[in-house]
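All of the numbers you see were taken from the coordinates with simple rules; none came from a lab. Keep in mind that this is a model prediction, so the values were computed, not measured. As a convention, Cβ positions derive from the backbone with ideal geometry for all residues, glycine included, and neighbour counts pool all protein chains shown.
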Amino acid sequence: MQLDTRASATPAPVNRLSRGRAIGVAVISLLAALGVGHLVAAFVGPSSSPYVAVGNWVRDISPQPVVEWAKNTFGTADKTVLFIGVTIVVIALTVAAGLLSRTRPGPGLVVAGVQGIIGFVAVLSRPDLGQLGILAPAASMGVGLVVFNWLHAKAWPAEQDREGRRAFLRASAGVVIGAGAGGVIGQLAGNHVDVEESRAEVGRLVPASPAPKLPPNADFASSGSARFITANRDFYRIDTALTLPRVAAQDWRLRIHGLVDKPVEFTFDDIRERALIERPVTLSCVSNEVGGGLISNADWIGVPLRDLLMEAGVKPGADQLFSTSIDGFTAGTPIDALLDANRGAMLAIGMNGEPLPQEHGFPARMVVPGLYGYVSATKWVVDMELTTFADKQGYWIPRGWSVKGPIKTESRIDNPQDGTTLKAGTNTIAGTAWAQTVGVRRVEVRVDDDWHDAQLSTEVDVNTWRMWRVRVDLKPGSHRLQVRATDNSGYTQTDAEAEPAPDGATGWHTVDVSVD
């Protein structure tokens, strides 16, 4: 009798999943969780989407030095870098969950559960979400755990034979397609507000009191200074919004309440139908470094905030207007700055002749001359509470910034740039200076050890920047250029260097050039 020595057709049982298949189980489960979470968030609040909520949460808990480093390093791309960083961490945890689950699903389920709990914490920390917001991370976590466990069971036969692999691939493809569909539907549903259509419906804004016509020599752009009016597309943008709020003008409401005689509420039409004013105002970010570009000037269209507050009636003792954006950002503005008729604080609905762009606060935002934006320039504003500085703190105050944020008298050199090589002979140095609410009286430029008085552009308004230029004779060699401004109060900016935190940078902007 001859024995059959051929190998059995039945494969030997396996006791662990391959690395690739284990990671695949975890990654596909993550996609399912995020897709479902994004879909549910479209109906309970877009910022409750776990991925978005975790990004917001990471931003909020990041140490201030890290936040400032990101701003200085990546500029307006800091939000994109944040999302990339969060994505890398989430993927790393997901891969770890898969590798820990090669023999049994338990360890991976624990890691996935921890990720889900982080989503819960992130959503619960959002001030702009109601109780229903928790449904998004709940659905995300539940689906993620169920899919992980189900796919893990499907993966074992895939290690054994071709039919098992086919079944696993079919299941995985179905989950990926479902997750993609959920994410796309959620994105479309969450973006149902067509902001550009709403802006178009607002139409042309015609102020009853237009901005003054620009006089000759309002800027020295031909000499290299900034233009007096910054185009909307070039206006600096600094805010905490990881995703831009989408609010239609017809849905917008502004509530003023707190320490007032009577709470009031305004619709967009209420504001639009008033006698609109148009004023040039320069805005600046407290994070602006000496010589930095986080400052711009525009013609803003709106209504005086003072008028709205007087209609509500400000009670004695109120010293702060606590404003809230639709995305939960908050700022505290001194009441005396808002009630000062000469300062001209406004609720703006237009910018440079058109409705506010979405990224600059459509449908409405605050514009308060003379105060850094973190305490005064709330975009997408929907709530204003009259209160006290002792009772409430705006978003940036617990993070180490000063309470009232007055803009400091500053100046910068726009032309030439640091490191430029110039031709020997007469050269024009040009730049910008600002001292909002006070006005610039004088600008001086130092070339090495010699000071020169600069020519000032025609003043348009004390609430705007002012350009300057000076012609100097430069001999071959290396030269150091510095600038300082003196405002109408007689204050000359200090040469003492200070970082932006906690109340704005100081120092003389310095540029080193070579002359051939």
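For K392, go through the lysines and keep the ones whose alpha-carbon is under 29 Å away, minus same-chain ones fewer than eight residues off.
K71, K79, K262, K315, K379, K404, K408
Which of rounded, prolate or oblate describes the stretch 19-190 when judged by the alpha-carbon gyration tensor and an a/c cut-off of 1.5?
Since a/c reaches 1.5 and a/b is larger than b/c, the shape of the stretch 19-190 is classed as prolate.
Using Cα pairs closer than 8 Å and at least 6 residues apart in sequence, work out the relative contact order for the stretch 19-190, in percent.
Relative contact order of the stretch 19-190: 43 percent.
Can you bin the stretch 256-317 into rounded, prolate or oblate? Criterion: square roots of the alpha carbon gyration tensor eigenvalues sorted a ≥ b ≥ c, rounded for a/c under 1.5, prolate for a/b above b/c, oblate for the rest.
Cα axes put the stretch 256-317 in the oblate bin.
Over the chain, what lengths in whole Å, largest first, do the semi-axes of the equivalent ellipsoid take, defined as the square roots of 5 times the eigenvalues of the alpha-carbon gyration tensor?
54, 31, 19
Sorted by mean Cβ packing within 10 Å, highest first, what order do the peptides 485-496, 302-313 take?
302-313, 485-496
Applying a 10 Å radius around every beta-carbon, put 317-328, 179-190 in order of their mean neighbour count, most first.
Descending packing order for the listed peptides: 317-328, 179-190.
Restrict the search to the stretch 408-513; then list the trypsin sites (Lys or Arg not before Pro) that DSSP places in a loop and that have at most 13 other Cβ atoms within 10 Å of their Cβ.
Hits after loop and neighbour filter: K423.
For A226, enumerate residues with amide H under 5 Å from its amide H, sequence gap 5+ or separate chain, H modeled in the peptide plane.
For A226, no residues qualify.
List the residue ranges in the chain for DSSP H helices whose C-alpha atoms run 18 angstrom or more along the long axis and whose Kyte-Doolittle average is 0.5 or above.
Taking the DSSP H segments of the chain (at least 18 Å long, mean hydropathy at least 0.5), we get 19-44, 78-99, 106-124, 135-158.
Taking a ≥ b ≥ c as the square roots of the eigenvalues of the Cα gyration tensor of the stretch 388-447, is the shape rounded (a/c under 1.5), prolate (a/b larger than b/c) or oblate?
Note, shape of the stretch 388-447 comes out prolate.
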